[in-house]
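S.K.: Pasting a structure below so you can have a look.
The values are calculated or read from the model by the stated rules, or taken from the named source; none is laboratory data. Quick caveat, the model's predicted, so the values are computed rather than measured. Reconstructed Cβ throughout: ideal geometry from the backbone, glycine too, with neighbour counts over all protein chains shown. The accessibility values were calculated without ligands, DNA or RNA, using every heavy atom of the protein model including side chains. Shrake-Rupley method; radii C 1.70, N 1.55, O 1.52, S 1.80 Å.
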Amino acid sequence: MNQPTTNYLSECRRLVDAVQAQGAEIQKAADWFAETILAGRMVHLFGSGHSRILVEEMWPRYGSFPGFNPIVELSLTFHNLVVGANGQRQAMFLENVSGLAERILRNFALTTQDSALVISSSGCNIVPIEIAEEFRKRGVRVVAILSGQHGDATPSKRADGKKLQDFADLVLDTGAPPGDAMVRVSGPGTPVAPGSTVGGAMLVNCLKAEVAARLAVAGHPPTVLSAAAVVGEQRANELFETAYDEHARRLAKLYANLGG
């Protein structure tokens with residue numbers, strides 16, 4: 001195996017250790033999320049930029065279940081065009097426009113039974129910070145996923161210097177290094193191959209598994225999106241329809257009495 005691959009996988013093993021060391025924090029976040037779902041409410045998921053990946057990792061996909069509200073703003077996350085209309089320059093600009101977070105959350109009737117997971121590798125861009133701030137103003141508990149090392153090395157874009165962790169009730173750390181990239185190769189002056197997605201995906205799936213276990217113990221096992229290869233085509237289709245119907249019913253509550 002060549003050296004860059006070996007180095008990257010070695011760094012990923014370090015990320016596994018970093019996630020494993022946060023067992024108590026993962027358990028606490030799972031307690032909060034399970035309480036929200038058992039109350040018939042939703043755990044709100046938000047990430048701008050590439051943090052969108054972790055929002056979609058949580059729900060909806062195989063091995064996941066209703067109870068989560070993925071808030072994905074295309075203006076902040078639509079990466080594939082890169083330049084031109086809807087390009088990255090605009091997305092990265094909008095990510096630091098104060099007031100956008102309030103406009104996003106204005107769409108939902110939130111309650112103190114809700115909870116939230118806000119994801120930002122640096123924790124220093126304005127929209128994810130203000131999303132967490134707005135959730136907290138509404139009495140919603142906030143769990144943040146970020147890289148502590150990256151955030152410590154990065155100044156906040158807010159004038160007051162506050163970062164995502166300043167508005168989080170609990171912080172989970174991906175273990176990614178400053179700048180995110182983990183492998184140095186000859187030629188480029190800076191490293192390549194980011195790690196925050198790896199660490200973040202592990203955190204998200206640990207949370208998912210812990211929440212599912214809590215729901216089952218409470219007598220409300222989740223309706224899990226499952227592949228036909230595991231449960232057969234008929235059962236897979238039944239689970240698909242049932243899970244999405246449940247999602248719709250939960251989502252409807254977020255629009256009930258809106259503005260009232």
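S.K.: Given K28/K157; K137/K162; K28/K208, which pairs have Cα atoms separated by over 18 Å?
M.R.: Too far apart for the 18 Å limit: K28/K157.
S.K.: Okay, next question. Decide, for the chain, between rounded, prolate and oblate: order the square roots of the alpha carbon gyration tensor eigenvalues as a ≥ b ≥ c, take rounded if a/c falls under 1.5, and otherwise choose prolate if a/b is larger than b/c, else oblate.
M.R.: oblate
S.K.: Specify the inter-centroid distance of the range 35-97 and the range 175-233, based on alpha-carbon positions, in whole Å.
M.R.: The distance from the Cα centre of the range 35-97 to that of the range 175-233 comes to 15 Å.
S.K.: Before rounding to the nearest 500, sum -39500 (n - 2.57) across all DSSP H runs of length at least 4 in the chain and divide by the residue total; then give [θ] at 222 nm in deg cm²/dmol.
M.R.: When only DSSP H runs of four or more count, the value is -14000 deg cm²/dmol.
S.K.: Next up: Can you find, among G232, G219, Y244, the residue farthest towards the positive end of the dipole of the range 201-245? Put +1 on the C-beta of Lys and Arg, -1 on that of Asp and Glu.
M.R.: G219
S.K.: A further question on this structure: How much accessible area per residue does the chain have, counting only protein heavy atoms and a probe of 1.4 Å, in square angstrom?
M.R.: Accessible area per residue, the chain: 48 Å².
S.K.: When the Karplus curve 6.51 cos²θ - 1.76 cosθ + 1.60 is applied with θ = phi - 60°, which whole-Hz ³J(HN,Hα) does each residue of the range 161-172 get, with x for Gly and Pro?
M.R.: 3J(HN,Hα) across the range 161-172, in whole Hz: x, 6, 10, 3, 4, 6, 10, 10, 7, 8, 10, 10.
S.K.: Also, I was wondering about something else. Largest first, what is the accessible-area ranking of R13, R106, R52 with a 1.4 Å probe?
M.R.: R13, R106, R52
S.K.: Additional query: Can you give me the long-range amide H partners of L170? Hydrogens built in the peptide plane at 1.01 Å from N, cutoff under 5 Å, separation of 5 or more residues or another chain.
M.R.: Amide H to amide H, under 5 Å and 5 or more residues apart or across chains, L170 pairs with V142, A144.
S.K.: Roughly how many percent of the accessible protein surface of the chain is carbon and sulfur, given a 1.4 Å probe and a whole-percent answer?
M.R.: Summing carbon and sulfur atoms, their accessible area is 54 percent of the total for the chain.
S.K.: Is any helix in the chain, taking whole DSSP H runs, at least 24 angstrom long along its axis by alpha carbon and on average at least 0.5 on the Kyte-Doolittle scale, and which ones?
M.R.: Counting only whole DSSP H runs, the qualifying helices are 196-217.
S.K.: Taking only C-alpha pairs under 8 Å that are 6+ residues apart, what is the relative contact order of the range 85-159 in percent?
M.R.: So the answer I get is 35 percent.
S.K.: In whole percent, what relative contact order does the chain give with Cα contacts below 8 Å and a gap of six or more residues?
M.R.: 24 percent
S.K.: Between Q234 and V192, what is the label-point separation in nm under the 7 Å Cα-to-beta-carbon projection?
M.R.: 5.1 nm
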